[in-house]
Amino acid sequence: MERGTSQPVAEMSAVDTGTPAETESLYGAVSIGTIWQFVILHRRERHFVQDVTLYRVPDERHDLCRVVIGILGLSPEAH
């Protein structure tokens with residue numbers, strides 16, 4: 001998972017450079033299918049934060065869905 005985090009970081013850096021800052025943060029994820037981990041880019045500070053939590057599927061699928069729903073802004077209590 002650690003080596004895979006470089007991929008969303010590179011992609012978020014490219015998106016950040018090529019688009020106006022309409023949002024304060026960009027979110028990325030890395031997955032090997034059964035394990036998910038998230039990364040956040042705080043655009044103003046140009047600071048990446050790697051979530052220390054690993055979400056395992058299917059055991060932690062409800063928590064994983066809460067994170068994704070929160071990122072999409074579909075549920076205020078999920079943040």
Task: Choice from 45, 22, 60 with maximal GNM fluctuation in the chain (Cα, 10 Å cutoff) - done: 22
- [ ] Obtain the radius of gyration and the Kirkwood radius of segment 1-42 from its C-alpha atoms and give Rg over Rh.
- [x] 1.02
TODO: Quick one: among 66, 46, 56, which has the greatest mean-square fluctuation in a GNM of the chain with alpha-carbon springs under 10 angstrom?
DONE: 46
Task: Estimated Rh, segment 6-79: Kirkwood, alpha-carbon pairs, angstrom - done: 13.0
Task: Net dipole in debye of the chain [+1 Lys, Arg Cβ; -1 Asp, Glu Cβ; about Cα centre; nearest 20] - done: 100
- [ ] Calculate one ³J(HN,Hα) per residue across segment 17-23 by plugging θ = phi - 60° into the Karplus curve 6.51 cos²θ - 1.76 cosθ + 1.60, and present them in order as whole Hz with x for glycine and proline.
- [x] 6, x, 10, x, 7, 7, 10
TODO: Sort 38, 48 by accessible area with a 1.4 Å probe, largest first.
DONE: 48, 38
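The values are calculated or read from the model by the stated rules, or taken from the named source; none is laboratory data. Nothing here was measured: the structure is a model prediction, and the numbers come from that model. Reconstructed Cβ throughout: ideal geometry from the backbone, glycine too, with neighbour counts over all protein chains shown. Note: accessible area is taken over every heavy atom of the protein model, side chains too, but ligands, DNA and RNA are not part of it. Shrake-Rupley method; radii C 1.70, N 1.55, O 1.52, S 1.80 Å.
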